[in-house]
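As structure tokens, the structure follows; a few thoughts come after it.
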Amino acid sequence: MTTVALEAASRAMLPARDRLRFTVLPFATWRQEIAPLWHMEGAARFLGPLIGGYGQLQFCGEELAARVRCVPLAAELDGTRVAWTSIYTLSDEALRLRGIYVVPSWRSNGIGRALVDHAESLWPAHWNRVFLYARMPNVERYRRWGFEIVAGNLPRTHRFGPGIADGRIVQMVRWRTSS
């Protein structure tokens with residue numbers, strides 16, 4: 001067996017989380033790739049606008065273009081994209097994760113958490129907290145990742161009609177520690 005083949009075989013034996021490669025995508029590509037995946041699971045019929053999440057975005061007017069920074073990301077496993085998220089600035093101290101999605105066949109392998117940790121690591125420590133909106137069935141997962149429900153935040157929905165209980169979301173936060 002050649003050295004290259006041995007390295008490939010060794011790498012294939014690593015857990016999925018350790019084989020990930022992260023890629024920053026153009027926003028249009030991220031949106032094009034993730035929107036159909038959300039739709040397939042019935043999680044969202046559309047991607048809502050960047051602004052409007054209970055007034056959490058603190059920049060406004062001309063400041064939006066100058067100060068909001070968004071980083072759309074994908075995680076690739078052995079050359080295939082298996083997870084997506086984006087992270088953007090809400091203020092000079094807070095970030096928001098948006099659209100965490102892992103291909104169903106790769107869930108529960110640490111990929112989502114690794115992608116979230118990587119996204120957060122791209123920002124200096126003065127951004128001291130990271131927010132996300134979680135569907136109620138995912139709250140316990142995000143708690144294991146260090147997020148907590150924002151004090152006083154009650155589950156809400158943007159949907160109407162049958163099945164709205166499954167669509168309820170709550171805002172969560174993870175406080176960053178300096179390393």
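Every number in this text was worked out from the coordinates using simple rules, so none of it is lab data. Bear in mind that the values here come from a model prediction, so they are computed numbers and not experimental data. Please note: Cβ atoms are built from the backbone with ideal geometry, for glycine as well, and neighbour counts cover all protein chains shown.
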Compute the FRET efficiency between V24 and R143 as 1/(1 + (r/R0)^6), taking r as their Cβ-Cβ distance and R0 = 30 Å, and round to the nearest 0.05.
0.60
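Could you line up R69, R135 from fewest to most neighbouring Cβ atoms inside 10 Å?
Numbers: R69 11, R135 16.
By the 10 Å Cβ count, ascending, the order reads R69, R135.
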Just rank T177, T89, fewest to most, by other beta-carbon atoms within 10 angstrom.
T177, T89
In this structure, the FRET efficiency calculated for S121 and Q32 from their beta-carbon separation, with R0 = 25 Å, to the nearest 0.05, is 0.50
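Starting with the fewest neighbours, write out M136, M172 ranked by other beta-carbon atoms found within 10 Å of each beta-carbon. Walk me through the intermediate numbers first.
Details: M136 14, M172 22.
Ascending number of Cβ neighbours within 10 Å: M136, M172.
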Simple spin-label model, 7 Å along Cα-to-Cβ: C70 to T157 in nm?
2.7 nm
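Quick check: residue separation of S91 and N128 times 0.36 nm, minus the Cα distance between them. What number comes out in nm? Mind dumping the intermediate values first?
Numbers: separation 37, 0.36 × 37 = 13.32 nm, distance 1.05 nm.
Between S91 and N128, full extension yields an extra 12.3 nm.
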